[in-house]
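Note sheet for the following structure.
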Amino acid sequence: MWLSFAFLSAFLLGFYDVFKKKSLRDNAVIPVLCLNTLFCSLIFLPFIILSSTGSIGSESALYIPSWGWEEHKFIILKAFIVLSSWILGYFGIKHLPITIVGPINATRPVMSLIGALLVFGERLNLYQWIGVGLAILSFFLLSKSGKKEGIDFKHNKWVVFVVLSALLGAISGLYDKFLMAPAENGGVGLNRMEVQSWYNLYQFVLMSLMMLLIWYPTRKKTTPFHWSWCIVFISLFLSAADFAYFYALSLDGAMISIVSMARRSSVLVSFMIGAMVFHEKNLKSKALDLFLVLLGMLFLWLGTH
């Protein structure tokens, strides 16, 4: 069951990447990201209020418990990690083709896998190892295909931004497992809805400060901001993808290494839509790579049954 929600999260995440790319075309990054955090916060704010007033009971999947500083300090740290990843990733996807950013982001499961093995002691069975191996190979080949577009990975700062974003994303994934693991298993034992709702609110506060202190004073010297309805869809698809992701992690037996790997299959959605909407190049050379992604996901699914 938890793997099904991981794949649902991947499907939604693919559309999130597409709307993000479209919103950032000839647009200022910081205001787009600030609005994204605002809309995400507005989605979850009613659940916080209704939970605190008792209108949503503790038995509901949408219930958000009211905890204190001991719990919220962990969520604030997550907000810093995720927001740092987003800032780097948004600048990267603005300046690079989406079919390049996708494969780079797809290295996150490899980082998460290493972290899960070292930190949580997770162990994979044969089918899962085959799936991981195929996925790593396919992502490597996708990256090689991207070099045909004239992007020098060693000397392009936007590639460095996306790589750092992926690294922080992998750290965030491992941190999520720690946040929601029961205290008896060495975790914090936080409620998944509490984590998702409050870290969005904290990110909005941080981005608002960045807007006022960094972007607004220099807005006339940088890329101007223009409104796009795609910004709203960024928030909607991201919130839905994260909801499915956190729900998957909260289920018994969920493995962060596999959930993270399944989530990266979002590259299939962004690749297909990127081909149709953005008319990106070298698509034929990437067909085999995408087949290996699908095959890897199949082995991951087989390994959980």
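The values are calculated or read from the model by the stated rules, or taken from the named source; none is laboratory data. These numbers were taken from a predicted model, which means no experiment stands behind them. Methodologically, a virtual Cβ is constructed for each residue, glycine included, from the backbone with ideal geometry; neighbour enumeration extends over all protein chains shown. The area values use the complete protein model at the heavy-atom level, side chains included, leaving out ligands, DNA and RNA. Shrake-Rupley method; radii C 1.70, N 1.55, O 1.52, S 1.80 Å.
Let me confirm something: among ILE81, ILE93, which residue is touching an Asp or Glu at 6+ places or on another chain (Cβ under 9 Å), open to solvent by less than 60 Å² (accessible area, probe 1.4 Å) and within 30 Å of VAL163 (Cα to Cα)?
Working: ILE81 fails: touching an Asp or Glu at 6+ places or on another chain (Cβ under 9 Å).
Result of the check over ILE81, ILE93: ILE93.
Between a first residue in the range 59-71 that is in a loop (DSSP other than H, G, I, E, B) and a second residue that is open to solvent by less than 60 Å² (accessible area, probe 1.4 Å) and among the β-branched types (Val, Ile, Thr), which pairs have beta carbons less than 8 Å apart while being 6 or more apart in sequence or on different chains?
From the range 59-71, the pairs are LEU62/ILE56; TYR63/ILE56; ILE64/ILE48; ILE64/ILE56.
I'd like to check which helices (runs of 4 or more DSSP H) are fully inside the range 153-264 and have at least 2 residues that are touching a residue at least 40 places away in the same chain (Cβ under 8 Å), on the phi < 0 side of the Ramachandran plot and open to solvent by 50 Å² or more (accessible area, probe 1.4 Å).
Hits in the range 153-264: 157-180, 192-210, 230-250.
Quick check on my filter: what residues within the range 265-287 are among the aliphatic types (A, V, I, L, M), modelled with pLDDT of 75 or more and either under 22 Å from LEU3 (Cα atoms) or surrounded by fewer than 18 Cβ atoms within 10 Å (Cβ to Cβ) (or both)? I'd like the intermediate steps shown before the answer.
The initial filter retains those residues of the range 265-287 that are among the aliphatic types (A, V, I, L, M), namely 267-269, 272-273, 275-277, 283, 287.
Checking which are modelled with pLDDT of 75 or more leaves us with 267-269, 272-273, 276-277.
Listed by number, the residues that qualify are VAL267, LEU268, VAL269, MET272, MET276, VAL277.
Looking at PHE39, PHE7, can you tell me which residue is open to solvent by 10 Å² or more (accessible area, probe 1.4 Å), under 27 Å from ALA248 (Cβ atoms) and in contact with a Lys or Arg (Cβ under 9 Å, 6 or more places away or on another chain)?
Details: PHE39 fails: in contact with a Lys or Arg (Cβ under 9 Å, 6 or more places away or on another chain).
None of the other options fit; the residue is PHE7.
Do we have any residue at all in the range 288-300 that's within 26 Å of PHE44 (Cβ to Cβ), surrounded by fewer than 24 Cβ atoms within 10 Å (Cβ to Cβ), in contact with a Leu (Cβ under 9 Å, 6 or more places away or on another chain) and modelled with pLDDT of 70 or more?
Kept after step one, since they are within 26 Å of PHE44 (Cβ to Cβ), are these residues of the range 288-300: none.
Looking through the range 288-300, none of the residues is within 26 Å of PHE44 (Cβ to Cβ), surrounded by fewer than 24 Cβ atoms within 10 Å (Cβ to Cβ), in contact with a Leu (Cβ under 9 Å, 6 or more places away or on another chain) and modelled with pLDDT of 70 or more.
Kindly list the number of the only condition in (1) crowded, with 16+ Cβ neighbours inside 10 Å; (2) at pLDDT below 85; (3) not aliphatic (A, V, I, L, M) that fails for SER60.
Of the numbered conditions (1) crowded, with 16+ Cβ neighbours inside 10 Å; (2) at pLDDT below 85; (3) not aliphatic (A, V, I, L, M), the odd one out for SER60 is (1).
Look at the range 25-58 and say how many of its residues are in a helix (DSSP H, G or I), of a type in the set (Ser, Thr, Tyr) and more than 18 Å from the chain's Cα centre (by Cα). Write out each step before concluding.
Just the residues of the range 25-58 that are in a helix (DSSP H, G or I), to begin with: 29-53.
Right, trim to of a type in the set (Ser, Thr, Tyr) and you get 37, 41, 51-53.
Narrowing further to those that are more than 18 Å from the chain's Cα centre (by Cα): 51-53.
Residues in the range 25-58 being in a helix (DSSP H, G or I), of a type in the set (Ser, Thr, Tyr) and more than 18 Å from the chain's Cα centre (by Cα): 3 in total.
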